[in-house]
Amino acid sequence: VEGACRAGVDAIKLQTYTADTMTINCDNKWFQVGGTNKEWQGQTLYSLYKKAYTPWQWQPKLQKIAKKYGVILFSTPFDKTAVDFLERMKVPAYKVASFEIGDLELLKKIGSTKKPVIISRGMANLQEIKLAIKTLKNAGASSVAVLHCVSSYPANPEEMNISTIPVLRKKLRTVIGISDHNLNSAVVIGAVALGAKIVEKHVTLKRTDGGPDAAFSLEPRELKELVKS
């Protein structure tokens, strides 16, 4: 958090879940992690989430650190108990992860806080994005921004299709941004040139330390360069 704040970010986004609020402890084929990320392969979803989650008791402490730097901190909740927890923290906004865009009950709960919401579109089609925005706003969300996002970890630059950004702006008439899971800063710079107003990146202190998202996370020095660019 300190490294990101010193690099010049406007906000820090955490994720609020536990392995038990995300999935069940099951090792049949539907719960095995596939894909190309070597850090994720050969594990069950439960064991991956157990390794990757940010302990809830850390989160208010991290919020204080961000506040010291004048940076807001908010989070992505994955179930209703996480929303209740984040409300006690008085977070100023919410993020909806791309895989949760179809969880309408969760969206209603988030919308009922009457705070601004950012959603990642991931694999959602236009109809699903519109339904998510409508659900959030009907529940009370003050505003909804949409991040173009490719649900691939890491996502190769040639897969990012950032020409989608002006199309989303025209079709959705809301603030559009980008959630980018690769190490190439050109994608983000191109996205901003095409109208992206929000940029989300994963951050680590040192990629060689490893970790579930290390392969597609920027180090503070790289993040600082990106902010400058």
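The values are calculated or read from the model by the stated rules, or taken from the named source; none is laboratory data. None of the values given here were measured: they were computed from a predicted structure. Cβ placement follows ideal geometry from the backbone for every residue including glycine, while neighbour counts extend to all protein chains displayed. Side chains are part of the model used for accessible areas, which takes the heavy atoms of the whole protein and leaves out ligands, DNA and RNA. Shrake-Rupley method; radii C 1.70, N 1.55, O 1.52, S 1.80 Å.
Data overview
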{"quantity": "Contour excess over end-to-end distance, with Cα ends at Ser47 and Gln32 and 0.36 nm allotted per residue", "calculated": "4.4 nm"}
{"quantity": "Residue of Leu104, Leu147, Leu183 that the Gaussian network model of the chain assigns the largest fluctuation, springs spanning Cα pairs under 10 Å", "calculated": "Leu104"}
{"quantity": "Rough spin-label spacing in nm, given labels placed 7 Å along Cα→Cβ, for Ser163 and Asn184", "calculated": "1.5 nm"}
{"quantity": "Electrostatic dipole magnitude of the chain [Cβ: Lys, Arg +1; Asp, Glu -1; Cα centre; debye, to 20]", "calculated": "920 debye"}
{"quantity": "Accessible carbon and sulfur surface of the stretch 85-229 relative to its total accessible area, %, 1.4 Å", "calculated": "53 percent"}
{"quantity": "Kyte-Doolittle at least 1.0, axis length at least 24 Å by Cα - qualifying DSSP helices, the chain", "calculated": "none"}
{"quantity": "Beta bridges per DSSP with both ends in the chain, % antiparallel, nearest 5", "calculated": "5 percent"}
{"quantity": "Rg over Rh, two decimals, the stretch 118-158 (C-alpha only, Kirkwood Rh)", "calculated": "1.07"}
{"quantity": "Cα gyration tensor shape of the stretch 159-229, rounded if a/c is under 1.5, else prolate or oblate by comparing a/b with b/c", "calculated": "prolate"}
{"quantity": "Between the stretch 197-218 and the stretch 61-100, the Cα center-to-center distance that results, in Å", "calculated": "19 Å"}
{"quantity": "Total formal charge among the other residues, if their Cβ is under 10 angstrom from that of Glu200, Lys/Arg +1 and Asp/Glu -1", "calculated": "+2"}
{"quantity": "For the chain: accessible area per residue (Å², 1.4 Å)", "calculated": "53 Å²"}
{"quantity": "Shape category assigned to the stretch 1-115 from the gyration tensor of Cα positions, a/c cut at 1.5", "calculated": "oblate"}
{"quantity": "Largest-first ordering by accessible area, 1.4 Å probe, given options Arg121, Arg6, Arg207, Arg169", "calculated": "Arg6, Arg169, Arg207, Arg121"}
{"quantity": "Ratio of Rg to Rh over the chain (Cα coordinates, Kirkwood Rh, two decimals)", "calculated": "0.94"}
{"quantity": "Probe 1.4 Å - accessible area at Ile72, Å² to nearest ten", "calculated": "80 Å²"}
{"quantity": "Residue-averaged 222 nm ellipticity for the chain, from DSSP H runs of 4+ at -39500 (n - 2.57), nearest 500", "calculated": "-10500 deg cm²/dmol"}
